[in-house]
Structure formats: structure tokens, C-alpha cells
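Worksheet: the structure to be examined is printed underneath.
The values are calculated or read from the model by the stated rules, or taken from the named source; none is laboratory data. Worth saying up front: this structure is predicted, and the values here are computed from it rather than measured. Neighbour counts are summed over all protein chains in view; Cβ atoms, including those assigned to glycine, are modelled from backbone coordinates with ideal geometry.
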Amino acid sequence: MCPDILFYGKGELCDFSEERKQVLMKEIESYEVNYILNVSEEDFCQPLISKYLFEAPTIREDRIYVYDTKEVDIDVSEDPRRMIISARMKNDGLSY
């Protein structure tokens, strides 16, 4: 297992898992056919398992805490899911 793998904020776990699977497949395909035919299953699989196995993160509810409790301003003006209604629009009789 690779303890240095951190993917928080870098994508989805399923994408990470699929990428690792593809890398594993490429490594297996790079082996010589004679090596695969002559090595024991245990000797072939164990190094790959050690290299590519990772444990999915678990949420430990008893360890959840708030790190910092301060208010912050977040700019959502470019967020297409939010409609910003200006005071002028309200005064023109437009309402939502």
C-alpha cells in the first residue's frame, strides 16, 4: 500500500481507482511472455498487489471536528447555478 497517496481535492476516488487499474494493466502487458509462463502465481501476483493495493479512505465520525470557525466571503458571481439579482432588476418589477 502507498501511504503517500493523497487525492483529496484532486478528483474522484473512482477515477483514481480506474487510473491505477490502467497503470497495473500496462505493467502486466509489459512483461515478457516467458516470464509470465514460468513464474509461480504467487511470485507474479504478490509484488503487484503490494505495489497497487490501496485502502479506500474511511470516515471516522468520532474524529470529525471543525478546524476553524470564522466567516469568509466566497465569490459566487461566476457560478452558473446561482442567479444574482441586482437592486435595479428588483426595482424594474422583475421578481423571481
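Annotations
- Search result, residues across the range 26-76 that are among the polar types (S, T, N, Q) and loosely packed, with under 10 Cβ neighbours inside 10 Å: 30, 34, 40, 58, 69
- Cβ separations smaller than 7 Å between residues 6+ apart or across chains give no pair from the range 43-61 residues that are touching a residue at least 60 places away in the same chain (Cβ under 8 Å) to residues that are among the aromatic types (Phe, Trp, Tyr) and surrounded by 10 or more Cβ atoms within 10 Å (Cβ to Cβ).
- Test for residue 88: is it among the basic types (Lys, Arg), in a loop (DSSP other than H, G, I, E, B) and either at pLDDT below 80 or surrounded by 10 or more Cβ atoms within 10 Å (Cβ to Cβ) (or both): no
- None of 50, 77, 17, 95 is of a type in the set (Ser, Thr, Tyr), at negative phi, modelled with pLDDT under 90 and not in a loop (DSSP other than H, G, I, E, B) except 17.
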